[in-house]
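Read the structure below first, then the notes.
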Amino acid sequence: MESVEKELSLLEHDIEHMRNVTDNHPIFTQINEWEQESTTKVQIIAVLARADLSQLLEANTNRLQSDFDRISHQIQTCRDSNHSESDIDQWMNEIKKCRQDIPKALESLKLSADPEVEPIQFIKMTKNHDQHYAADNSNTTETCSVNPILSSFTCLSHTVGKILSGNAEKFEKVVGDAELDENNLIAKKKNVHSASIRGAKLYSTGTHQIRFRIEQLSNNSIFIGISSSNEQMTATAFKLSSSYGWWDTKFPVIGGIHVASGVYSMRTGDEISLTLVCNEARLVYHNKRTGIGKISVNLSTCPLPWQLLVVLGAGENILRILP
């Protein structure tokens, strides 16, 4: 009887140990990794879809604005000169057509599934049947494993190809008086001189997203973008012909040329994503608070592979790469 009680005590100890290690089961790690990867894919494709939608809406609006300007100019030109009833009828018809085209333009847009994009897999828990264990313990819960199954969820995008997630970007090379901190996930600078920081990864194919948070902002002077990996770095690398990116949503830099089209709106605390669509040579910039920008990259001046480029301008600026 003593030996039985000893074995029973050992079993109780084993069960307690099992209970204590449950939260650290390796399958929890697998589930967390799947969740992060799937979330990243959805976020990337949503950003690209929003950028495409914004571009289509802007093109439709610009076309109608052009028609309005043309008709308005004709009317103003003829206001103080001779014009016939047929002229008036023509203008009325054109105005009515433009007004009718507005709802048509909005209704012409459609969200559809992209068959070229690999769908996301759902996961579920299944029982891993151990023949010896199952035979003697038919009423006991059996060990489990992750078994991915194809889901009915289909990604939406504009031919982005295979989405590559699991980004592990970090800051690496610094030119200028800037510092890296927290395992190279933070770049920071205090003085008035600009500093350029390059990322560690090379991007040649596929679609990738890098997320940031503005920890400190001075003088609207944080540039986020890319440059060709074979370009020599300078403290003001945003001026290089291979530099593409943004100072803010409405302030892109295209081939080193600063293009202004609005007012600065970036703030401390803003979260920003930069999506690199290598196969289509384009970039998408998304500030969650202020909106989306999209630019095409000239591969003759900015050949692949690309690298992340951040420039911290005058004042105290701190930028963090998010997981």
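Nothing in this text is a laboratory measurement; each read-out follows from the coordinates by a stated rule. The structure displayed is predicted, hence computed values, not measured ones. Glycine also receives a Cβ, built like all others from the backbone with ideal geometry; neighbour counts cover every protein chain displayed.
In degrees from 0 to 90, rounded to the nearest 10, what is the angle of the helix 2-21 Cα long axis to the longest principal axis of the chain? So the inclination is approximately 10 degrees.
Given their separation in residues at 0.36 nm each and the Cα-Cα distance between them, residue 105 and residue 23 gain 24.2 nm when the chain is fully extended. Give the angle, between 0 and 90 degrees and rounded to the nearest 10, that separates the Cα long axis of helix 85-107 from the longest principal axis of the Cα atoms of the chain. It is inclined by approximately 10 degrees. When only the Cβ of Lys, Arg, Asp and Glu is charged (+1, +1, -1, -1), the dipole of the chain relative to its Cα centre reaches about 1460 debye. Simple spin-label estimate for residue 304 and residue 75 gives 5.1 nm between the two label positions (7 Å along the Cα-to-Cβ direction from each Cα).
Think of the chain as a dipole: +1 on every Lys or Arg Cβ, -1 on every Asp or Glu Cβ, centred on the Cα centre; then among 81, 184, 276, 81 lies furthest on the positive end. A full extension of the chain between residue 258 and residue 91 corresponds to an added length of 56.1 nm, given 0.36 nm per residue minus the alpha carbon distance. With all pairs of separate Cα atoms included, the stretch 171-322 yields a Kirkwood hydrodynamic radius of 14.9 Å. Axis of helix 26-79 versus longest Cα principal axis of the chain: the two differ by about 10°, to the nearest ten degrees. Think of the chain as a dipole: +1 on every Lys or Arg Cβ, -1 on every Asp or Glu Cβ, centred on the Cα centre; then among 228, 64, 31, 64 lies furthest on the positive end. Distance between the 7 Å Cα→Cβ label points at residue 11 and residue 232: 7.7 nm.
Please work out how much length the chain gains when fully extended from residue 172 to residue 4, using 0.36 nm per residue of separation minus the C-alpha to C-alpha distance, in nm with one decimal. Show your work: numbers first, answer last.
Details: separation 168, 0.36 × 168 = 60.48 nm, distance 6.17 nm.
Net length gain for the segment: 54.3 nm.
When shorter helices are ignored and each DSSP H run of at least 4 residues is given -39500 (n - 2.57), the per-residue value for the chain at 222 nm works out to -11500 deg cm²/dmol.
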